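Structure first, commentary second.
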Amino acid sequence: MPPAGGFERVKYKRNLPLRGPSGVVILAGVLGVCGYGFYRVGKGNLEKRELGREKAWSRIYLVPLLLAEGDRDTYRREQAAVAREKDIMAGVPGWEAGKKVYHKEGLRGPSRIVVL
Amino acid sequence: MSNTFHDPSTSDQPYKDPTPLPESIPRVQELGTTSAYLKSAAFFLGAHCKEFNEDFMLCKAEDRDPAHCLKEGRRVTRCATDLITKMRENCLKDFDLHAACLEKNNHEYYACRKPERSLNKCMFEKLGLTKTIPGSPEGKTPIHLVEKPVFTTIQK
C-alpha cells in the first residue's frame, strides 16, 4: 500500500551547477580581444610610419647645416695640407703641392685627413 | 706642430688653431649647438631657412667639392644662428625643456609631445613658425598633433 499522502515525487531533474559562459560566448570574447589587438597593431603600424617620417624629415632639415660646417672644416684641412706639403717639398724642384694623383675630373675626397 | 696631445682644458694658453682658414674666406661663427637642441629646432630650421638650405643643397648637387659651396654654406650657418638666437630670446624655457626631454628619452619625438606642444605654440605665437612634416597623409592629423597615440612612453 502507498504511504499516507502518496509517494515522494521522483527526483528526475539533473542537478548541474552553472558551468560558466558557453563556448560561443568564449569564442566571441576571444575573437573580440584579438580583433581589438589587431586594430591597435594596425593603428600602431600607421603611426610608426608617421613617426619614421617625422624622424627622417628632422634629419633632412639638419643636413645643410651640418654639411656646411663639415665642408668648411674639410676645406680648411685641405688648404693646410697643401701648405704643409709646399713647406716640406720646398727643396724639390718641379714639385707641385696639392696635385692630385688622378687626372680624371671629378671629386675624390681626401684619402686621409691630418688632424692637428 | 707637435704630436703629443695637449688637453685644451688644462692648457694655460687659449687654444689657437694652427691651421686656420685662409684670409680670403670670410669668417662665420660656427653654430656649436648640441644635438638635442638641433633636433628640437629641426623643423623650425627647415621652415625658417628653407631658401638658404635649398640653395645650398642645389649648389652641392652641382658639385660636391667642399670649396664650391662655401658661400652658400656660410649663409646656411648664419641663418641657423639667427633662428637659434631668436628661439633663445623668445622661447628659451620651452626650448630648454624640450631639449632636456629629448636628451632624456633617446632623442625620440614621441616621448616628448608635451614640451614639444608648448614649444610649437610659443614658436607660432612669437615667430610665426609652424612645424609641418612633408609627405604626411592628407586629411589626417599629423603625428605630432595626435591626442592619444598608440606609441607612448611606458612611464608617464
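Values in this text are rule-based calculations from the coordinates and carry no lab data. Everything numeric here is computed off the predicted structure, so don't read it as measured data. All Cβ positions, even for glycine, are placed from backbone atoms using ideal geometry, and neighbour counts span all protein chains on display.
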| Over the Cα atoms of region A:1-115, what is the Rg over Rh ratio if Rh follows Kirkwood? | 1.78
| Which angle from 0 to 90°, rounded to the nearest 10, does the C-alpha axis of helix A:23-88 make with the longest principal axis of chain A? | 10 degrees
| message | Could you sort the peptides B:107-119, A:45-57, A:2-14 by per-residue average Cβ neighbour count (10 Å cutoff), highest mean leading? | response | B:107-119, A:45-57, A:2-14
| Got a sec? Charge dipole of region B:1-72, +1 on Cβ for Lys and Arg, -1 for Asp and Glu; which of B:Thr10, B:Phe43, B:Ser24 is way out at the positive end? | B:Phe43
| query | For the protein assembly as shown, what does -39500 (n - 2.57) per DSSP helix run (n ≥ 4), summed and divided by total residues, give at 222 nm, in deg cm²/dmol to the nearest 500? | reply | -19000 deg cm²/dmol
| task | Could you list, in their original order, any pairs among B:Lys60/B:Lys114; B:Lys50/B:Lys140; A:Lys43/B:Lys39; B:Lys16/B:Lys39; A:Lys43/B:Lys114; B:Lys71/B:Lys104 whose Cα atoms are separated by more than 32 Å? | result | B:Lys60/B:Lys114; B:Lys71/B:Lys104
| request: At q = 0.12, 0.13, 0.15, 0.16 Å⁻¹, what is the base-10 log of I(q)/I(0) for the protein assembly as shown according to the Debye formula with one equal point scatterer per Cα and no solvent? Please give it to two decimals. | output: -0.94, -1.02, -1.19, -1.26
| Principal-axis tilt of helix B:35-48 within chain B, Cα atoms, nearest 10 degrees | 80 degrees
| remark: Under the 7 Å Cα-to-Cβ spin-label approximation, A:Val63 and B:Lys16 lie apart by a distance in nanometres of 4.0 nm
| query | Quick one: if you stick a label point 7 Å off each Cα along the C-beta vector at A:Asn45 and B:Glu125, how many nm between them? | reply | 4.1 nm
| query | Using a Förster distance of 30 Å, how high is the FRET efficiency between B:Arg88 and A:Ala83, based on the Cβ-Cβ distance and rounded to 0.05? | reply | 0.20
| In nm, to one decimal, how far is the B:Arg78 label point from the A:Ala56 one, both placed 7 Å along Cα→Cβ? | 3.4 nm
| field | Selected from B:Ala80, B:His68, B:Tyr110, residue furthest toward positive end of dipole (region B:28-131; charges at beta carbon) | value | B:Tyr110
| query | Let a ≥ b ≥ c be the square roots of the eigenvalues of the Cα gyration tensor of region B:28-131; is it rounded (a/c under 1.5), or, if not, prolate (a/b larger than b/c) or oblate? | reply | prolate
| request: For region B:66-144, give the magnitude of the charge dipole about the Cα centre (Cβ charges: +1 Lys/Arg, -1 Asp/Glu; no others), in debye to the nearest 20. | output: 140 debye
| What number, in percent, do you get for the relative contact order of region B:28-131 if the mean sequence gap of Cα pairs under 8 Å and at least 6 apart is divided by its residue count? | 34 percent
| request: Enter the angle in degrees (range 0 to 90, nearest 10) between the Cα long axis of helix B:113-127 and the first principal axis of the Cα atoms of chain B, meaning the one along which they spread out most. | output: 70 degrees
| For A:Asp73 and A:Ala28, what does the FRET efficiency come to when R0 = 45 Å and r is the distance between their Cβ atoms, rounded to the nearest 0.05? | 0.10
